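One structure is given below, encoded as structure tokens.
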């Protein structure tokens, strides 16, 4: 075991893969069990940093760990569920294709700010396939009296998957990569029907996150407190969280 691998394992929590399935052509469902999860201080919207390049001698430091949204958590059984997309064909995609039930994994919690927030009346969820599981858990933990609109997009509609409770509460669209104008058209159709205090969650492609942030601030004059943004990837960068 290399020095970096040893350091990661020393400071990380240890778990075991207890379930694996394929949700769609490019997305896998992984469930990790660890007794430490039973005591986790968890807020919907947390991520885990997962050791996906451990044990690979020629793997660089930045390819040892990847961050994934926690799709669901069960403290009673000590499990977390992840939905991992493989579009990137990177180290994380390679790991999830090859991992097996019973494999040990190392992980640490990553809290961040892209969390559930019940301070609005009406919500708009925008994201691509990489953001779907994260927006699902946010949506599930909003108060029942909240209203939600959504724009979830991907090149292929059949790559989208149901939420972990088998529901499919979002609206899905078939759009090419970086479809800023198409999304704005949908936003303009939706916004007039949103009442009360409004909030938007934008995640996935960093280019869309940047462009829509500007659109909501400058064209719609929304306050920064109404906008939640989390870029998950960028086609020009490797390993963006």
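The values are calculated or read from the model by the stated rules, or taken from the named source; none is laboratory data. Everything numeric in this text was worked out from a predicted model, so none of it was measured. As a convention, Cβ positions derive from the backbone with ideal geometry for all residues, glycine included, and neighbour counts pool all protein chains shown.
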Original post:
For residues in region 163-188 being within 20 Å of residue 85 (Cβ to Cβ) and touching a residue at least 40 places away in the same chain (Cβ under 8 Å), which is surrounded by the fewest Cβ atoms within 10 Å (Cβ to Cβ)?
Top reply: 177
Subject >> Spans of helices (runs of 4 or more DSSP H) in region 110-227 with at least 3 residues out of contact with any helix residue (DSSP H, G or I) (no Cβ under 8 Å at 6 or more places or on another chain) and farther than 26 Å from residue 19 by Cβ >> reply: 180-190, 206-214
Subject >> Top-ranked residue in region 127-144 [being more than 12 Å from the chain's Cα centre (by Cα) and touching a residue at least 24 places away in the same chain (Cβ under 8 Å); ranked as nearest to residue 206 (Cα to Cα)] >> reply: 139
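Looking at this structure, is residue 217 closer than 20 Å to residue 141 by Cα and surrounded by fewer than 17 Cβ atoms within 10 Å (Cβ to Cβ)? Step through it out loud before you land on a result.
On the way: closer than 20 Å to residue 141 by Cα: no; surrounded by fewer than 17 Cβ atoms within 10 Å (Cβ to Cβ): yes.
Answer is no for this residue.
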**OP:** Kindly list the number of the only condition in (1) part of a strand (DSSP E or B); (2) at pLDDT 95 or above that fails for residue 37.
**Re:** (1)
